[in-house]
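First comes the structure, then the notes that go with it.
Readers should treat all values here as calculations from the given coordinates under stated rules, not as data from a laboratory. This is a predicted model, so every value here is computed, not measured. In this analysis, Cβ positions are derived from the backbone assuming ideal geometry, glycine residues included, and neighbour counts consider all displayed protein chains.
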Amino acid sequence: MKSWNRIAFFLIVTATAFNGSSANAATLIVNQGWKIFNFNGLGSSIIPTSGGGNSYEFTLSSNAYLLVTDGYDTGDQFELFNFGSSLGRTGNFTSSSSNISDPNSAFTSGLYSKGIFLLGAGSHSITGKAISSPYGGGLAFIALSSSVPGGIPEPATWAMMIGGLGAVGVALRRRQKAIVRFA
């Protein structure tokens, strides 16, 4: 009977390991604010400071933006993954001696690397690694949001803006022709 218990225990442990159980993962919730993660230098994984594990696992009912920004000392950059597939890297940063601990200020300042990744509805398992870390580790921020702070225009906004610029161009061209006629 004891051998059956060992076999059952082995099967449960194995099933849990391959199931991707979120017992050892942190959770992100849309519009619930920034969460801090840490990292231990170049090539190291991002580590949630709350919730445990080395991933963020959640399910979305509709599209949302995954936002990531460096904070504190500038110079750190990250690559993010969803179920092991690269979402992309955080962008460039401005070299400075800034030390901003407010994630919204860091995200909108232009001094820190940041990334904006659109995620579709469904399950997600987000991991990441440091691809630049001049100070050998540190803290950064991650959030899920239904919109982007600082405003990245939606495609419809871009279409309206381009249409408006076209209309201005047509009006200027007509005005220029009218001036030429009366000259």
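Just a few scattered comments:
- Theoretical gain in end-to-end length, Leu42 to Ser101 [0.36 nm per residue, Cα-Cα removed]: 19.2 nm
- Residue (of Ser147, Ile36, Ser85) at the positive-pole extreme of the range 24-152, dipole from beta-carbon charges: Ser85
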